[in-house]
Amino acid sequence: MKNQKRLIHKIKDFFSIKVMIVFIVIMILFVVFVLPAASAYSEHKGGTTRSPDTSFFYTADDLYNMADAYGNQGRNAYLLMRFTFDLAWPIVYLFFMLAVLVNLLRGFDEKLCNLLYVPVIGTLFDYLENIFAAITIGRFPKKTPIIADLTPIFTMIKWVMLGLAFILMVIFLIIKIIKLFKKKKQLA
């Protein structure tokens, strides 16, 4: 518990407003330039943009069907993307979310800082999804029971946690805006 509080304080200390602005810019640049390029590369090499990463619900059989549809070149491209782009992307969105959430939570009850674990958990499951999907697709046409079965579960947990993180960001942004208007109204 003490280590957990220390970690939260280190996170809060690191993500100042200036650092938040830097990560917002990095996120925007990534979304505008890197994501479209990665998507185009995947589509060009694999013939499709369908991927476990962008799905919410799929099965192990769907994962095998994706691997089959990719073909040899597409599977190789998929693996390359998991160990290049998909190492960086989760860090980018995690730092963006942490920076924004830390700054939105300033002035609220200290216990709310535990909400910072939501994007961390989402990111952890993103990495698990990527590792397990890469193993399954890399071994195709061989089957990978358990690993292929767990991959969709990791994907769903990832999306639920990251969706929740964005919802929290919106909620606390709205609360901050309302507080700001109330404060301005009181001063007027």
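Read the figures in this text as sums done on the coordinates, not as results from a lab. These figures come from a predicted structure and were not determined experimentally. Cβ atoms come from the backbone with ideal geometry, glycine included; neighbour counts cover every protein chain shown.
For the reader, a short list of remarks on this structure follows.
- Burial ordering of E43, E129, E110, fewest other beta-carbon atoms within 10 Å first: E110, E43, E129
- Taking each residue as 0.36 nm, the span from E110 to L80 lengthens on full extension beyond its C-alpha to C-alpha distance by 6.7 nm.
- A Förster radius of 25 Å combined with the Cβ-Cβ distance from K142 to D62 puts the calculated FRET efficiency at roughly 0.90.
- Pairwise FRET efficiency - Q186 versus F33, Cβ, R0 = 30 Å, nearest 0.05: 0.10
- Positive-pole candidate from A38, A77, I147, dipole of the range 30-148, charges at beta carbon: A77
- Fewest-first ordering of V118, V31, V170 by other beta carbons within 10 Å of each residue's beta carbon gives V170, V31, V118.
- Cα-based shape type of the chain, given that a ≥ b ≥ c are square roots of the gyration tensor eigenvalues and the cut on a/c is 1.5: prolate
- Contact order, relative form, for the chain: 27 percent (alpha carbon pairs under 8 Å, 6 or more residues apart, mean separation divided by residue count).
- Filter on K111/K176; K12/K179; K5/K183; K12/K111; K111/K179; K2/K158 - keep pairs with C-alpha separation over 23 Å: K5/K183; K2/K158
- Were the residues from V25 through I178 laid out at 0.36 nm apart, the gain over their Cα-Cα distance would be 52.6 nm.
- Chymotrypsin sites (Phe, Trp or Tyr not before Pro) restricted to the range 13-64 and DSSP loop, no more than 14 other C-beta within 10 Å: F56, F57
- Highest-MSF residue in the chain out of A60, A38, A99 [GNM, Cα springs under 10 Å]: A38
- Neighbour-count order for R82, R6, fewest beta carbons within 10 angstrom listed first: R6, R82
- Computed about the Cα centre, the dipole magnitude for the range 2-187 is approximately 1140 debye when only Lys and Arg (+1) and Asp and Glu (-1) carry charge, each at its Cβ.
- Considering only H9, F132, I91, and ranking their Cα positions along the charge dipole of the chain that arises from unit charges at the beta-carbon of Lys, Arg, Asp and Glu, the one farthest toward the positive end is H9.
- Calculated mean residue ellipticity at 222 nm for the chain: -27000 deg cm²/dmol, from DSSP H runs with n ≥ 4 weighted as -39500 (n - 2.57), summed, divided by the residue count and rounded to 500.
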